[in-house]
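Reviewing the structure listed below.
The values are calculated or read from the model by the stated rules, or taken from the named source; none is laboratory data. Computed from a predicted model, the values in this text were never measured in an experiment. In this analysis, Cβ positions are derived from the backbone assuming ideal geometry, glycine residues included, and neighbour counts consider all displayed protein chains. Calculation scope for accessible area: heavy atoms of the full protein, side chains included, ligands and nucleic acids excluded. Shrake-Rupley method; radii C 1.70, N 1.55, O 1.52, S 1.80 Å.
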Amino acid sequence: MCGIVGYVGTKQAVPRLLGGLKRLEYRGYDSAGLAIIADSELKIIRRQGNLANLEAALSDFDATGTLGIGHTRWATHGHPSETNSHPHIDCQGNIAVVHNGIIENFHTLRVELMQKGHKFRSETDTECLAHLIESYYQGDLLAAVKEALRQVQGTYAIAVICRQQPDILVAARKDSPLILGVAPDGLFVASDIPAVIDYTKEITILENGELVELKSDGYRIIDAQENMIKRAGIVIDWDIEAAEKGGYEDFMLKEIFEQPTAVKETLSGRINREGIVELNDIGLSDESLRQVDKIYIIACGTSLHAGMIAKQAIERWARIATEIDCSSEFRYRDTVLSERNMVIAITQSGETADTLASVHIAREQGAKVLAITNVVGSSITREADGVIYTHAGPEIGVAATKTLVAQITALILLAVHLAQQRNSLEQEFSREIAKELDALPAKLRTILSQADTFKNWAKTYHDVYDFLYLGRGIGYPVAMEGALKLKEISYIHAEGYPAGEMKHGPIALIKKGVPIVAVALRGPVYEKILGNMQEAKAREGTIISIATEGDGQISALTDEVFFIPRSNEILASILAVVPLQLLAYYIAKERGCNVDQPRNLAKSVTVE
Ligand code: F6R
């Protein structure tokens, strides 16, 4: 996720900006840059790669100004490069902008601005902000930023400076975090508290739609209607470690709570006002997608579970036969692929060795390859014919959480898009799905607000030896993922199984007190899973279930139940997986495990 820092005060800006950016390194980034105003000039320096590259380049940079902005970039639009890194400037080189978020309508804005003569240098969505602000600038930076933002759809936290007003910094936010720090020697804005923690602990959190104008001797906050906002600051007592985790105990918990945002950002700009899914930038034409006669999904671990959900969505909605395989098997079996086949390779890191090798084989056989990844510029993006990026932001906890829900979201968009190409879905139904996708972040927040339920369950269930996770239909991959999360972070043996298969063997494992997590969602196989739960109960297993709100039947069959909000059955997989992440997390914590770095595991498996 991009990191922003801005400073205006009485001290040199560059060391403060660089210090702030170093504190944001934990968020992950691919390039960095600074802009300062000194001697009536706007000076910019940017480098691809880590901050050491930027720092080395600073030895030749005249850096005497006391006002500036800095940025670490995590690429979303445009590959990691010096040209795409921030700050971005307008045509005249007077205005510099740093941005975190996604400008959804950047393409339209860019075309309009180009028609008016603006020349663009980068591939980013951010650059249009610099040009847009330039087009409104008439001597008042705050007014120009306010007007420009009226044209913008999407999410943003921005900081802007202007050569003609060398003592002013303007910042604004919508759906991306931004804080204000009040230090003895000046004022800061930043996307995150760690950026300012070495200089101040006095913080004001900006709210959605607010703008702030900073001068070295004070600031004013206004809302979109230009009302002055008075807000008391808070004094935080966090150390740097707590600040990096945003006050959460671990990165994993922080990332679980970031899932509403991960879904929102992944949807951003991909559903139009008519409720039609638009995947214009994936690199595969609509015509080539229409020709696909069979799909193979390949992935590993958690990404494989996203693929299992995608298979159901694609077959049900787009009516395309879809096979799924883990990459480590696919690469060594004698697959028979043709030019009309499409391989969907799912990998959050974009670097998993087995998935890359499988993609290689698929391409050799002439199949089209579409990658689903969270990392712009990763190896898979160079190997694939097309890419759908998830926009979950960097994931630091080893166990995948927010990248999974972003993958499922992207794959559901793909399934609807494929269905639209083939007219295999009623328009009304695909609009309904679009509406339901839009409602997911709020439903996820409802689930997360009940996290204490799982903390309590963990107290009861943390010291068992075995767990069974059962599901059918869409509940099956969810059960598999629940079991994987539990075993990888708590080291409890957990078996994820299609519930209908129980009687063919695993039912022998059930005895008094063995916890059985049943994913019992409303849908075509709901009655079937109730039957399987009955079988487990008859053998004195302890049943914990994830069910749909309003289900009046389930309570009689289960020892514990958590209800998720109602939703389309396929989309419910996103909602049902979150309680299982929380259950695994709290059980692992109760057992004293290091959830962010479980033993024997690596975040990215780049060897076979
Ligand atoms: C589980 C987990 C792993 C990864 C797997 C694939 O929490 O993180 O199972 O899902 O190693 O990684 P990517 O998606 O990077 O290919």
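Using alpha-carbon positions, what is the distance between the centroids of the range 1-57 and the range 180-212, in Å?
So the separation of the two Cα centres works out to 16 Å.
I'd like the accessible area for F106: 1.4 Å probe, protein heavy atoms, all chains in place, Å² to the nearest 10.
The accessible area comes out at roughly 40 Å².
May I ask which of K503/K528; K245/K589; K245/K435; K201/K245 have a Cα-Cα span longer than 22 Å here?
Working: K503/K528 13 Å; K245/K589 16 Å; K245/K435 32 Å; K201/K245 16 Å.
Where the Cα-Cα span goes over 22 Å, the pairs concerned are K245/K435.
Among 427-437, 574-584, how do they line up by average Cβ neighbours within 10 Å per residue, starting with the highest? Walk me through the numbers before you get to the answer.
Working: 427-437: 16.5, 574-584: 26.5.
Ranked from most to least packed, the peptides come out as 574-584, 427-437.
Could you pull out every one of the lysines with an alpha carbon less than 25 Å from that of K43, ignoring same-chain neighbours closer than 8 positions?
Correct list for K43: K11, K22, K119, K146, K215.
Of S555, S358, which has the most accessible area with a 1.4 Å probe, and how do the rest follow in descending order? Can you show the working numbers first?
Working: S555 65, S358 0 Å².
Descending order: S555, S358.
Give me the accessible area of C593, 1.4 Å probe, in Å² rounded to the nearest 10.
20
Just grab the label-to-label distance for D466 and E41, each label 7 Å out from Cα along the Cβ direction, in nm (one decimal).
Going by the 7 Å Cα→Cβ label model, 7.3 nm.
Which FRET efficiency value, to the nearest 0.05, is calculated for S338 and K215 with the Förster distance at 41 angstrom and r the Cβ-Cβ distance? Walk me through the numbers before you get to the answer.
Details: r = 65 Å, r/R0 = 1.59.
According to the calculation, E is roughly 0.05.
When DSSP beta bridges are limited to those with both residues in the range 480-608, what percentage is antiparallel, rounded to the nearest 5? Could you put the intermediate results ahead of the total?
On the way: 0 of 11 bridges.
Counting only bridges with both partners in the range 480-608, antiparallel ones make up about 0 percent.
May I ask which residue of T347, Y497, A195 lies farthest towards the positive end of the charge dipole of the chain, with charges of +1 (Lys, Arg) and -1 (Asp, Glu) on Cβ and the Cα centre as origin?
Going by the Cα projections, it comes out as Y497.
Would you list which aspartates and glutamates come within 14 Å of K537, measuring only between C-alpha atoms, while excluding same-chain residues fewer than 8 positions from it?
Answer for K537, where 14 Å is the Cα cut-off: D559, E560, listed by chain and number.
On full extension of the chain, what length is gained from D293 through H360, given 0.36 nm per residue of separation minus the C-alpha to C-alpha distance? Each step should come with its number before you reach the end.
Numbers: separation 67, 0.36 × 67 = 24.12 nm, distance 2.01 nm.
Value of the extension gain: 22.1 nm.
On a C-alpha basis, how far is the centre of the range 406-471 from the centre of the range 61-87 in Å? Whole number, if you could?
The range 406-471 and the range 61-87 have Cα centres spaced 36 Å from each other.
Taking every DSSP beta bridge with both residues inside the chain, roughly what % is antiparallel (nearest 5)? Intermediate values should be presented prior to the final figure.
Numbers: 64 of 106 bridges.
Within the chain, antiparallel bridges account for around 60 percent of the total.
For the pair E432/T83, report the inter-label distance in nm, with labels modelled 7 Å from Cα in the Cβ direction.
In this crude label model, E432 to T83 measures out at 4.7 nm.
Between S449 and N53, what's the calculated FRET efficiency when r is the beta-carbon distance and R0 is 35 Å? Round to 0.05.
Details: r = 42 Å, r/R0 = 1.20.
Taking R0 as 35 Å, the efficiency between S449 and N53 is 0.25.
What distance in nm lies between label points placed 7 Å from Cα along the C-beta direction at I276 and Q534?
It works out to 4.8 nm between the two label points.
Which length gain, in nm to one decimal place, applies between E123 and Q553 when the Cα-Cα distance is subtracted from 0.36 nm times their residue separation?
Numbers: separation 430, 0.36 × 430 = 154.80 nm, distance 5.39 nm.
Result for the pair: 149.4 nm of gain on full extension.
Where does each of M252, M480 land when they are ordered by accessible area, with a 1.4 Å probe and the largest first? Spell out each step's value before the answer.
On the way: M252 0, M480 50 Å².
Greatest to least solvent exposure: M480, M252.
Please calculate the 1.4 Å probe accessible area of K443, with all protein chains present, and give it to the nearest 10 Å².
K443 exposes around 40 Å² with every protein chain in place.
Using just the helices of the chain, give the 222 nm mean residue ellipticity in deg cm²/dmol: DSSP H runs with n ≥ 4 each add -39,500 (n - 2.57), and the total is spread over all residues, rounded to 500.
On the way: 19 runs with 209 residues, N = 608.
When only DSSP H runs of four or more count, the value is -10500 deg cm²/dmol.
If we count every other residue with Cβ under 11 angstrom of N280's Cβ, Lys/Arg +1 and Asp/Glu -1, where does the sum land?
Details: positive: R270; negative: E278, D281, D286.
My count for the surroundings of N280 gives -2.
Can you sort M533, M228 by 1.4 Å-probe accessible area, starting with the largest?
Values: M533 5, M228 110 Å².
Ranked list, largest accessible area first: M228, M533.
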